[in-house]
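Derivation of every value follows stated rules applied to the coordinates shown; laboratory data play no part. Computed from a predicted model, the values in this text were never measured in an experiment. With ideal geometry, Cβ positions are generated from the backbone for all residues, glycine too; neighbour counts draw on all protein chains shown.
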Amino acid sequence: MRFATAALAVLAVTTAHAEEYNAIQADKSAVAFVYRQMNVPVDGRFGKFAAQLKFDPAKPAAASASIDLDLASIDAGSAEANDEVAGKLWFNTKAHPTARFVASSFRPLGGNRYEAVGKLTIKGRTQDMTAPFTFSTQGRAGIAEGALTIRRADFGIGEGIWADFGTVANEVQIKFRLLAEAQPNKK
């Protein structure tokens, strides 16, 4: 009986302190990528994005997330590269200014590891994606960090003369770090 009472007390304390992390701090968050050009890794990032997150590590099934990338805010390493990838053969930012990921479900993987399952849309093409991530806390902030690999051909990124995967690899790793402030869950 004492064990059951102690277990209920621990559960009550844990539930009372459950928090939902939902106030994204854009200035402390980042979306970056790595690709290989002529077999040399090249790093880049997106300077502008909007993200929404509602995540309580105690209730991952109730979580939601979306992120919208401003594709014209790309930093691919040089002004010339930025202009090229904004063009029609790459992102075609005039016709498709944003890329969007919307998570439809979250799965715990054990410890502080999770998966966000959803759809990624780039250039009007949508693919199912799974984004593994870790979630840690620092004071009142929660940090979701992860990476996923996309195939640029699935989204028509790098068409025409750029379709040769010997020059620019098909695989692109997208890395993200989202920092969100915690808000107590409402009962």
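Just a few scattered comments:
- The conditions of being part of a strand (DSSP E or B) and within 16 Å of Gln127 (Cβ to Cβ) are met by Ile174.
- Candidates Thr121, Thr137, Thr167, filtered to the one that is of a type in the set (Ser, Thr, Tyr), closer than 22 Å to Phe49 by Cβ and more than 11 Å from the chain's Cα centre (by Cα): Thr121
- Taken over the range 73-92, the residue count meeting the criterion of being of a type in the set (Asp, Glu) and not in a helix (DSSP H, G or I) is 1.
- Residue under evaluation Trp162, criteria (1) out of contact with any Leu (no Cβ under 7 Å at 6 or more places or on another chain); (2) surrounded by 15 or more Cβ atoms within 10 Å (Cβ to Cβ); (3) not in a strand (DSSP E or B), criterion not met: (1)
- Counted residues, the range 17-58 - those being of a type in the set (D, E, K, R) and within 18 Å of Ala131 (Cα to Cα): 3
A quick yes/no check of all residues on (1) part of a strand (DSSP E or B); (2) of a type in the set (Gly, Ala, Ser); (3) touching a residue at least 60 places away in the same chain (Cβ under 8 Å); (4) loosely packed, with under 15 Cβ neighbours inside 10 Å:
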residue: Lys94; (1), (2), (3), (4): no, no, no, yes
residue: Ser105; (1), (2), (3), (4): yes, yes, no, yes
residue: Leu109; (1), (2), (3), (4): yes, no, no, yes
residue: Thr130; (1), (2), (3), (4): yes, no, no, yes
residue: Ser136; (1), (2), (3), (4): yes, yes, no, yes
residue: Ala144; (1), (2), (3), (4): yes, yes, yes, no
residue: Thr149; (1), (2), (3), (4): yes, no, no, yes
